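Since every read-out is calculated from the coordinates, none of them should be taken as a lab result. Quantities reported herein were computed from a predicted structural model and do not represent experimental measurements.
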Amino acid sequence: MAEERGMIEPYVPHQVSSVEEKRIVSYGTSSYGYDIRCSTEFKIFTNINAAVVDPKAFDASSFIEFHGEVCIIPPNSFVLARTIEYFRIPRNVLTLCVGKSTYARCGIIVNVTPFEPEWEGHATLEFSNTTPLPAKIYANEGVAQVIFFESEEECEISYKDRKGKYQGQTGVTLPRT
């Protein structure tokens, strides 16, 4: 379904677990979902400006922009990133996304909100480092699994119909109200 409907670009129709004989955190089509990758674009949370984290009045200076193959998350902090994949969710599909066990077993929690029917864009990823040590995130490798739920009926009002504030997002997208 994903390939036929252009739901995921770029789409990898199989599981990739090594590149040029180098082991990586797997990505691509899995048994019942799709393992998404993290891009090289990151926003690292910093308290250097002593701002208050307020979702209604978010201060973008709370982040430092970083591009690279590996991102270091400070202890007890978090990083925002985005998927390599661009998603186009059909009107009769809803997704849930969960972190991969490789990261979870290192104390790194991946959070992604559901992709609602007719949402499209690059997903913004949140990585929380729950440990007292710095933690690494690897770009261009798997970070989470998207699980797709298909309904026999289309939803009454889609994300697109509601003119959702994150529709068509590209890049790492900060909170909007």
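Per-residue ellipticity at 222 nm from helix content only, as computed over the chain with -39500 (n - 2.57) for each DSSP H run of at least four residues, stands at -500 deg cm²/dmol.
For Ala144, the residues whose amide H sits under 5 Å from its own are Ile36, Lys100, ignoring neighbours fewer than 5 places away on the same chain, with H placed 1.01 Å from N. For region 25-87, a/c is not less than 1.5, where a ≥ b ≥ c are the root eigenvalues of the C-alpha gyration tensor, and a/b tops b/c. That puts it in the prolate class. Shape index of the chain: Rg/Rh, with Rg the Cα radius of gyration and Rh the Kirkwood radius from the inverse mean 1/r over Cα pairs, equals 0.97. Karplus-based coupling profile of region 126-142, in residue order and whole Hz: 10, 10, 9, 9, 8, 9, x, 10, x, 10, 9, 10, 9, 6, 6, 10, x, with θ = phi - 60° in 6.51 cos²θ - 1.76 cosθ + 1.60 and x standing for Gly or Pro. Using the empirical formula 2.2 N^0.38 Å as the baseline, the Cα radius of gyration of region 96-135 reaches a ratio of 1.37. Rg and Dmax of region 95-177, both derived from C-alpha coordinates alone, stand at 15.0, 47 Å. So how far, in whole Å, is the C-alpha centre of region 78-100 from the one of region 46-75? That distance is 21 Å.
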